[in-house]
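Read through the structure below, which is laid out as C-alpha cells, and then see the notes.
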Amino acid sequence: MLQTLNSLFSQARDNAASFCRNRRGVAAVEFALVAPVLMALYFVTMEVSQGIESNKKVSRAAAMIGDLVAQEQGVNKDDLAKIMQIGQAIIYPYNRTNPSIEITGIQISNENNPKATVAWSRKMVNNSVSPGLAKKATVTVPDKLKLRDTFLIQVTTSLDYRPLITLAADAKTSMGLTASFDSIQMSETYFLRPRTSNTIDCSDC
C-alpha cells in the first residue's frame with residue numbers, strides 16, 4: 001500500500017514538473033493578451049490620422065473657394081454653386097457626412113466707424129444650395145480687415161466629422177463610447193479681398 005502511494009506521488013510530481021517545463025502554450029497566451037491592445041492602438045492611430053487629414057481638407061477647401069471667388073469680377077448663383085461643389089470634392093474620400101459651405105460678400109462702409117454688412121450670401125448644406133445671410137445684415141469681421149470702403153469675401157466651411165468606430169451603434173455600445181464620440185465639429189473661416197476689382201457683385205443672389 002505504501003509503495004503504491006509513493007508511486008502515485010512520484011508520478012504526480014513528475015507530471016507537475018513536466019507541466020511547469022512545458023512552454024508550448026506561452027505564445028498563444030501572450031498573443032491573446034497583446035492582440036487586443038495592438039488592435040486598439042491601430043484603430044485609434046488610423047482614426048486620428050483620418051481626422052487630422054479631414055481637418056486639413058476643411059481648411060484647404062475654405063482657402064481654395066475664397067481664392068476662386070476673389071479672382072472673379074462678378075458672379076451669379078450658378079457660379080457660386082459650381083465653386084462650392086469643387087470645394088466639397090476636396091473633402092473626399094471622406095464621405096460619411098457632407099460639408100457645409102457658405103460664401104458671403106461683405107461691404108465695408110465708407111465712414112469713420114466702418115460697418116460690415118452683407119452684400120450677398122449663398123450656402124450649401126447637405127448638397128442643397130440656398131441663400132445664406134440676409135442682405136444688409138451686419139456681420140463681424142476682424143478689426144484689421146475693417147477698412148473704409150472696401151470689400152471682403154468670407155468663406156466658412158464646416159464638417160460634422162463622424163469617426164468610423166461610431167458608425168455602428170452596437171459597436172459603439174460594446175466599446176463603451178459615449179455620445180461625445182459621435183462627432184467632431186470641424187470648421188474654418190477665411191477672409192479674402194477681390195483680386196481684379198474693388199467689389200464682386202452677384203447678379204442674381
### Task
Report yes if some residue within region 138-151 is under 25 Å from residue 53 (Cβ atoms) and either in contact with a helix residue (DSSP H, G or I) (Cβ under 7 Å, 6 or more places away or on another chain) or crowded, with 18+ Cβ neighbours inside 10 Å (or both); otherwise report no.
no
#### Entry: Spans of helices (runs of 4 or more DSSP H) in region 1-104 with at least 2 residues of a type in the set (A, V, I, L, M), at pLDDT below 95 and surrounded by 12 or more Cβ atoms within 10 Å (Cβ to Cβ)
26-70, 77-90
### Task
Tell me which residues, restricted to region 138-171, are part of a helix (DSSP H, G or I) and either modelled with pLDDT of 95 or more or within 19 Å of the chain's Cα centre (by Cα) (or both).
164, 165, 166
## Note on the structure
Flagged in region 110-119 as over 18 Å from residue 197 (Cβ atoms) and in a loop (DSSP other than H, G, I, E, B), in numbering order, are 111, 112, 113, 114, 115
### Residue list for region 185-197, filter: within 19 Å of residue 142 (Cα to Cα) and among the polar types (S, T, N, Q)
187, 189
### Query
Restricting the first residue to region 91-102 and requiring it to be more than 9 Å from residue 57 (Cβ to Cβ), which pairs with a second residue that is of a type in the set (Lys, Arg) meet a Cβ separation below 9 Å and a spacing of at least six or different chains?
96/162; 97/162; 100/123; 101/122; 101/123; 102/122; 102/123
#### Entry: The one condition in (1) among the aliphatic types (A, V, I, L, M); (2) under 20 Å from residue 204 (Cβ atoms); (3) surrounded by fewer than 21 Cβ atoms within 10 Å (Cβ to Cβ) that residue 108 fails to fulfil
(2)
### Task
Take region 75-127 and flag every residue that is of a type in the set (A, V, I, L, M) and on the phi > 0 side of the Ramachandran plot.
none
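The values are calculated or read from the model by the stated rules, or taken from the named source; none is laboratory data. Bear in mind the structure is a predicted one, so any value in this text is a computation, not a measurement. All Cβ positions, glycine included, derive from the backbone under ideal geometry; neighbour counts span all protein chains shown.
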